[in-house]
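Right, one structure below, let's go through it.
Read the figures in this text as sums done on the coordinates, not as results from a lab. Note that the structure is predicted; figures quoted are calculated from it, not measured. Please note: Cβ atoms are built from the backbone with ideal geometry, for glycine as well, and neighbour counts cover all protein chains shown.
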Amino acid sequence: KASEWALLKRHPSEDVFGVQIAAGHADQYTRIAEVLTNEEGFEIDFVDMNLGCPIDLVCEKGAGASLMLREKKLRGSVEGLTKVLNCPVTIKMRTGWDEKKNFAHNLVPNIQKWGIEGIGAFMIHGRSRLQRYSRLADWDYIAQVASSQSSDYPKIPVIGNGDIFSYNDYEETIVKRVGEEGDTDNML
């Protein structure tokens, strides 16, 4: 639809413009990347892989948060995007499938070890898939994910999100934590 294509057009007032996509298979991500690269008129600064969507309809198709559970498909998807695109790829994910079994702290260093160039950042939503948007984001766990990367490989920035609605929230959640832990290299 023309109205959906309009969502991929940068408005002149937008300084930074990204596109978020969700798919369940590497070939789908690669084809989307080819469209974004080859279609004239698209000025995209980054593409965000959505591994954070908790919606049943999306997860049942292997996309959204369910792609976090399938590392082989995830790796193929990241490789397909980064080989085709001329901009950074960010990877948004949740803490895990349910709050009792968080695994982003294992997934992030695994992706880091793949050594795929073109990954610009990880975006960690501080809730599990089953929590959806209930409960507060777990910023302690986001910090754990940020510090989970190996020093043997280039570090990829980790950007946390969840429950930051104002500058005061930012000050209380991020600046205070960075001040206490002194680790500004791993978490924004």
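Under the Karplus relation 6.51 cos²θ - 1.76 cosθ + 1.60, θ = phi - 60°, what is the ordered set of whole-Hz ³J(HN,Hα) values for the range 147-161, x standing for Gly and Pro?
Here the 3J(HN,Hα) series is 8, 7, 6, 7, 7, 7, 10, x, 6, 10, x, 10, 10, x, 8 Hz.
Please state the relative contact order of the range 23-84 as a whole percent: Cα pairs under 8 Å, 6+ residues apart?
Normalised by residue count, the contact order of the range 23-84 is 49 percent.
Return the percentage of antiparallel bridges among DSSP beta bridges fully within the range 1-159, rounded to the nearest 5 %.
5
Are any of the pairs Lys92/Lys113; Lys9/Lys72; Lys61/Lys155; Lys9/Lys73 more than 24 Å apart by Cα-Cα distance, and if so, which?
In this structure, Lys9/Lys72; Lys61/Lys155; Lys9/Lys73 exceed 24 Å between Cα atoms.
Which order do the peptides 16-27, 57-68 take when ranked by the mean count of other beta-carbon atoms within 10 Å per residue, highest first? It would help to have the intermediate numbers written out before the result.
Values: 16-27: 16.4, 57-68: 19.3.
Final packing ranking: 57-68, 16-27.
So what is Rg over Rh here for the range 33-188, counting just Cα atoms and using Kirkwood for Rh?
Rg/Rh: 0.97.
For every helix of n ≥ 4 consecutive DSSP H residues, a contribution of -39,500 (n - 2.57) applies; sum these over the chain, divide by its total residues, and give [θ] at 222 nm rounded to the nearest 500 deg cm²/dmol.
Details: 8 runs with 66 residues, N = 188.
Computed mean residue ellipticity for the chain: -9500 deg cm²/dmol.
Convert each backbone phi in the range 140-145 into a coupling constant with the Karplus relation 6.51 cos²θ - 1.76 cosθ + 1.60 (shift: θ = phi - 60°), then list the ³J(HN,Hα) values in order as whole Hz, x for Gly and Pro.
5, 5, 4, 4, 4, 4
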